[in-house]
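Inspection log for the structure reproduced underneath, given as structure tokens.
The values are calculated or read from the model by the stated rules, or taken from the named source; none is laboratory data. Predicted model only: the values in this text are computed from it and were never measured. The protein model used for the area step is the full one, side chains on, heavy atoms only, and it has no ligands, DNA or RNA in it. Shrake-Rupley method; radii C 1.70, N 1.55, O 1.52, S 1.80 Å.
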Amino acid sequence: MTVLLQQAGLPTEVPASITNRMLVDKMYTDKKVRSGQVRFVVQDGIGAMKTFADGSYSVPVEEEIIMALLEEIRG
């Protein structure tokens, strides 16, 4: 996938000048945010989304988990 993005001239990494805090803060502007919680949509196969107990297609994710994942991904 990365090779295809590179061949298309698209970025494959978040610039170092953009901090994890900046990324998380931006997530709070997403339309899926409910009651001040960032929510993620989870794919359940090609063209299908996972449905959660409340009938929604998104699940809240704690900010600490998002920050930990960003730290792991970005090194």
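Pick out, from the chain, the helices (runs of 4 or more DSSP H) lying fully within it that include 1 or more residues that are among the acidic types (D, E) and open to solvent by less than 60 Å² (accessible area, probe 1.4 Å). I'd like the intermediate steps shown before the answer.
Working: elements: 2-7, 20-27, 63-74.
In the chain, 63-74 are the helices (runs of 4 or more DSSP H) which contain 1 or more residues that are among the acidic types (D, E) and open to solvent by less than 60 Å² (accessible area, probe 1.4 Å).
Is it fair to say R39 is at pLDDT 95 or above and charged (D, E, K, R)?
Taking the combined requirement at face value, the residue satisfies it.
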